[in-house]
Amino acid sequence: MALRLSFKAAALAALIGSAFFGASMVEAQDAVAPPPPAAAVATPGAPIPYTATVKRRPGRVRPAPTRTLSVGSPLTTTSAAIAAAAQTPVPVTAAPLPAADLEAYVDGVVRSSMARDHIAGVTIAVVQNGQVVLKKGYGVASVTGGRRVNPDKTLFRVGSISKTFTWIALMNEVEAGRIRLDTPVNIYLPEKLQLKDQGKKSPVRLRDLMTHTAGFEDRALGQLFERDPRRERSLELYLRQERPNRVREPGVLPAYSNYGVALAGEALANVTGKPFEQLVTEQVIFPAGLTHTTFREDRPWRADLPAPMSPALAADRSDGFRWTPLGFHTEAPEYIGHIAPAGSASSTAGDMARYMTLLLNGGTIDGRTVFSPKTSAAFRTPMYRPAEGAPGWNAGFMDIPLPGGHRGFGHAGATLWFHSNMVMVPDLGLGVFIAVNTDTGVDLPATLPAAIIERFYAPRPEVPVASRMSVAEAKAYGGQFLTTRRSYGGLEGFIDRMIGDASVRAAPDGRLTLTLDGKSSQWTATDKPDVFAPVSGPGLLVFQREEGRVVRFFSPMGFAAFERIGFPHGLGLLMTFAILTGLASIATLIGVVTRDRRESRQTPTQALASLLQITQAVLWLTALAGVGIFASGSRDIAKVFYGWPSGWLLTASACAFVAALLTLATLFMAPVVWRGGRRVDSWTSLRKLGFTCTTLVFLGFAVILSTWGFLEFWNT
């Protein structure tokens, strides 16, 4: 779950990321029966005519309605391409990776990154053609105990890779005929969780949740992670209390949504009548033989929550670390069980090697079928692509452009302290998983899978190919853009506007320079219109036009769209008015103590206007100081997430709100101030001009803050 921020971090892009513990552990936590014979495990494929009843969990007050679903071909709601792909496995013709060379290369890259980025521990697995080519751990899982990373035992949080388990369970229900992808999700949800239309014409379908096109805003601060296990909530309660707004029609633009995946997980639980953690264990973890994988968390037992992680697995859990000037700091665990389907899984490199083998092998492993060939084809066939050539979404899996024209599928993930990535490349028979346990380690998982492919299968030319585009042509793509993956109102919306922008500039050689999340990359035109390839690294940059004008581009990894914003909505204008407001406020206060006696003559109206403007100056300076103090502590990502809403930011917002109201009052008083009284009892023309200019500066700043949501101190 890739988190964006200095505060939303390198981690809200994928959110975050249950358990086969051996027979006794499963029996204690999930009451899972022993695995059936291989032939009986999940053969979802044969159409079964029946009347499907939407089940409710025990204890529901509302009686369960019965709905009749016509069952046809198991995947009639997916494209014909999926059915064709299911019958035609991708031929693997590439030479296998040389194990010794691969290990030497990975050792060099990993150790260099660990030293440069201050990473405490790394775990990695590479599989190809059903075999484990590399499985290795680096560094430590615990600083205090000196426990080293063991690829077969040490559990790392895998963040949003958790979502792929959820989609396997969902697609099994689709093939069984109990769920349909193109049916509104409300059909499968309890009444209290059903989505309101909020003025939208189309209902949200399960397909929209799988492709992150449901049209939700993205909210995370103060609720995505918990530090205190006593604050943990059930999945159902979380979904009811943390509803995001619907900000666009479903199926239009991508905007990564953890809430949407959690909603799909709750729909699964509601239809099957089983808690999500039990369901994913029975349908995926148990039959796949993943003995060190769990969606449960290491916390005290509570009757109103799913059972915690088993003691045996908890003993092998890696700590999460933050790098500080004094070295590695061990962080308290982050709890994500309240949104488990979107990100609570923990696993080892060994288990993830089995999992990738399962995904590359069409849903079977060790003779057991975990999901069908048609579902396997859906996971690697585009279900949604926003524009020709753009990265999109398969059935819940990311569609990943890779070096050499290869195309992969998989998912990345992140929590506050862990970052991970899983990429499968069917035409190479290859799967790469990597995870790190330190907040500074985001770059290594993001780049290593593509780097391996580039090194062994698609080396880049030493000298980049000249750009196909002139500088004048490239300038058509330049400008400021704002992500669709953000909150659309209130203080979190203000923060997201601050950190969610991207800039595109035309370089002198005709390439484009993209600055996103504080990092710049270069892109060169391809033979396809509006499609750009990276000079180095993975991904594609695809722009979209309306009436001939470039209006948006899509994230190189498909997480969101970035829409062009004009001058009034740019960060530069906000900062300019913030500086002007600060200077005007200081000048106002200086004037109070330096103005001579003659200049102090004034009418009663002017006296009141002066008092109001002095009050505004104090309030604006307080607001600016509050934002500054909040920003100075925003490098501590845990403090921002756990401490939201910040008291400093709330104070700043409330002060700005009152100052904005007073500014309106002084604006209405301006004509009377200018009319004044007798010449000897009125302000000078210079003071009147200064008053008016200050009022206009304050008013401009207030209008900008209002459009950015900053004045909504009640909306956190």
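Each reported figure results from applying straightforward, stated rules to the coordinates on display, with no laboratory input. All of these numbers come straight from a predicted model, not from anything done at the bench. Neighbour counts run over all protein chains shown; Cβ positions are idealised from the backbone, glycine included.
Ranked by the mean number of other Cβ atoms within 10 Å per residue, highest first, peptides 647-660, 156-169 order as 156-169, 647-660.
Distance between the pseudo-spin-label points of V463 and L573 (7 Å out from Cα toward the beta carbon): 4.6 nm. Per-residue Cβ neighbour counts within 10 Å put S234, S112 in the sequence S112, S234, beginning with the fewest.
In terms of Cα atoms, the Rg and Dmax of the chain work out to 28.1, 102 Å.
For R147, the residues whose modelled amide H falls within less than 5 Å of its own, excluding neighbours fewer than 5 places apart on the same chain, are A141, S142.
The stretch between D304 and T144 holds 54.3 nm of extra length on full extension. This uses 0.36 nm per residue minus the Cα-Cα distance. Across the stretch 493-512, the residues whose backbone nitrogen lies under 20 Å from the label position 7 Å along the beta-carbon direction of A472 are 505-512. Straight-line reach from K274: which lysines fall under 17 Å, measuring Cα to Cα and dropping same-chain residues less than 8 apart? Here the lysines satisfying the reach criterion relative to K274 are K55. When the dipole is taken about the Cα centre of the chain, and only Lys, Arg (+1) and Asp, Glu (-1) are charged at their Cβ, what size is it in debye, to the nearest 20? Here the size comes out at about 1860 debye. Relative protection proxy for 272-279, 131-138, from highest mean packing down: 272-279, 131-138 (other beta-carbon atoms within 10 angstrom).
By the beta-carbon count within 10 Å of each Cβ, the least crowded to most crowded order of F641, F668, F532, fewest first, is F668, F641, F532. Toward the positive end of the charge dipole of the chain, with +1 on the Cβ of Lys and Arg and -1 on the Cβ of Asp and Glu, the farthest Cα among L279, S585, N129 is that of S585. Model label sites at A625 and A100, defined 7 Å from Cα along the beta-carbon direction, differ in position by 6.8 nm. Arranged from fewest to most other beta-carbon atoms within 10 Å of their beta carbon, H419, H406, H212 become H406, H212, H419. Distant-in-sequence amide contacts of G320, defined by a placed amide H-H separation under 5 Å and a gap of 5 or more residues or a different chain, comprise E331. Put simply, the amide H of L134, placed in the peptide plane, has neighbours under 5 Å in V126, leaving out anything fewer than 5 places away on its chain.
Cross-link reach is defined here as a Cα-Cα straight distance under 15 Å, omitting same-chain residues fewer than 8 places apart; for K135 the aspartates and glutamates meeting it are D101, E103, D107, D152, D351. Modelled this way, with points 7 Å down the Cα-to-C-beta line, the labels at T513 and D681 are 6.2 nm from one another. Taking the average, over residues, of other Cβ atoms within 10 Å as the packing measure, peptides 332-342, 458-468, 615-625 rank 332-342, 615-625, 458-468 from highest down.
Counting only DSSP H runs of at least 4 residues, each contributing -39500 (n - 2.57), and dividing by the residue count of the chain, the helix-based mean residue ellipticity at 222 nm comes to -11000 deg cm²/dmol. Separation of the stretch 388-404 from the stretch 312-342 is 30 Å, based on Cα centroids.
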